[in-house]
Amino acid sequence: DAGVTQSPTHLIKTRGQHVTLRCSPISGHKSVSWYQQVLGQGPQFIFQYYEKEERGRGNFPDRFSARQFPNYSSELNVNALLLGDSALYLCASSLLPGYSEQYFGPGTRLTVT
Amino acid sequence: AQTVTQSQPEMSVQEAETVTLSCTYDTSESDYYLFWYKQPPSRQMILVIRQEAYKQQNATENRFSVNFQKAAKSFSLKISDSQLGDAAMYFCASHLQGGSEKLVFGKGTKLTVNP
């Protein structure tokens, strides 16, 4: 079975631009979470979606938004990019929220110049 | 609020030897899960082992085992018979049972395995 997939793998953007990152969960998984991992740090929770509803939000500004589609795939959007948004963005999926392991995708490396 | 602390930024071990990675956490909740994740240079975060807080028995997965001390809020990972492929960043993480999927991660420990 395919694991969690994310696209694109790498992305370079300029300050002030907008970016959209995509994630497809493991087949049968209905919960998707997004994390930001700055170099040298552990991942920080951004959002969790389950059944297209936002179930959790981390301490990130409103420039960050996300949504989940009927097929349970998800998009993370970041507006007005700042240099500090440069990071590895990880998507994780799980069968159900709150009770099960999360399986991570390979991440999208975002560089803001 | 939950916090997770990994006090060892880097550790090294000889191939075939045993190494223990430390993790402490803080939570006021009684029901939660603890995890160890491995992140090799390929960046893929891989689940190594999981422990439910209500279980007294320490979890074991092949060469990986944990020492879970609930009262001390300690959750260390022991890797036996270390292999070159074990070299990676290791992250300790926790999340509350029944809550959102928010995983709280430590800063990680970089493990080097020497041949």
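The values are calculated or read from the model by the stated rules, or taken from the named source; none is laboratory data. On a predicted model such as this, the values are computed, not experimentally measured, just so you know. Heads up, the Cβs are rebuilt from the backbone with ideal geometry, glycines too, and the neighbour counts pull from every protein chain shown.
Hey, among B:Asn58, B:Asn67, which residue is in contact with a strand residue (DSSP E or B) (Cβ under 6 Å, 6 or more places away or on another chain) and in contact (Cβ under 8 Å) with a residue 40 or more places away in the chain? Before the answer, list the steps.
Values: B:Asn58 fails: in contact (Cβ under 8 Å) with a residue 40 or more places away in the chain.
Just a single option satisfies the conditions, and that option is B:Asn67.
In the range A:67-84 there is no residue matching the filter, namely being outside any loop (DSSP other than H, G, I, E, B) and within 12 Å of another protein chain (Cβ to nearest Cβ). Scanning the range B:33-90 for residues that are part of a loop (DSSP other than H, G, I, E, B), within 14 Å of chain A (Cβ to nearest Cβ), buried (at least 16 other Cβ atoms within 10 Å of the Cβ) and polar (S, T, N, Q) yields one hit, B:Gln44.
The single condition from (1) touching a residue at least 40 places away in the same chain (Cβ under 8 Å); (2) of a type in the set (Phe, Trp, Tyr); (3) closer than 28 Å to B:Lys110 by Cα that A:Phe60 fails is (1). Out of A:Ser86, A:Ser94, which single residue is touching a residue at least 60 places away in the same chain (Cβ under 8 Å) and either small (Gly, Ala, Ser) or over 21 Å from B:Lys107 (Cβ atoms) (or both)? Answer to the check: A:Ser94. The residue that is surrounded by the fewest Cβ atoms within 10 Å (Cβ to Cβ), among those in the range A:51-65 that are modelled with pLDDT under 90 and over 13 Å from the mean Cα position of the chain (by Cα), is A:Glu51.
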